[in-house]
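Below you'll find the structure, written out as structure tokens, and then a few comments.
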Amino acid sequence: MNLLTVDPSKLSQEEKIRLVRESDGFLIDILEGEKIKEDLDLQGCTSLIHLPEGLKVEEDLILWKCTSLTHLPEGLKVGGNVSLQKCKGDLDLQKE
């Protein structure tokens, strides 16, 4: 898949999540406003610096080893657990 020609509106939610993982978190904004109906596992996305505003995850949000993530966004809703093991030591859990 050529990332330069991808129209995010034509991708399934699973394809969007796969692109986020394959991009090491750089393409996270394609999930803006999404309601993820399962676990969102982004573990090891070391380039992930933020999560999109209004993200909703019905199950668990797994952010292990997301060492560049500095805060959780306003409006984040998670139905299950938020796993932050081995994230940046100064991760601000206060929403910005």
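The values are calculated or read from the model by the stated rules, or taken from the named source; none is laboratory data. What you are looking at is a predicted structure, and each value in this text was computed from that prediction instead of being measured. Counting neighbours? That spans all protein chains shown, and the Cβs are built from the backbone with ideal geometry, glycine included.
Details
- Single match in LYS65, LYS56, LYS35, LYS88 (criterion: more than 13 Å from the chain's Cα centre (by Cα) and not hydrophobic (A, V, I, L, M, F, W, C)): LYS88
So that you can scan it fast, the table gives a plain yes or no per residue for (1) in a helix (DSSP H, G or I); (2) surrounded by fewer than 16 Cβ atoms within 10 Å (Cβ to Cβ); (3) modelled with pLDDT of 95 or more; (4) of a type in the set (Ser, Thr, Tyr):
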site	(1), (2), (3), (4)
MET1	no, yes, no, no
LEU4	yes, yes, no, no
SER9	yes, yes, no, yes
GLU15	yes, yes, no, no
LEU19	yes, no, no, no
PHE26	no, yes, no, no
ASP29	yes, yes, no, no
GLY33	no, yes, no, no
CYS45	no, no, yes, no
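- Every residue from region 55-86 that is assigned to a strand (DSSP E or B) and more than 22 Å from LYS37 (Cβ to Cβ): HIS71
- Within the set GLN43, GLN13, the sole residue that is under 14 Å from LEU69 (Cβ atoms) and in contact with a strand residue (DSSP E or B) (Cβ under 9 Å, 6 or more places away or on another chain) turns out to be GLN43.
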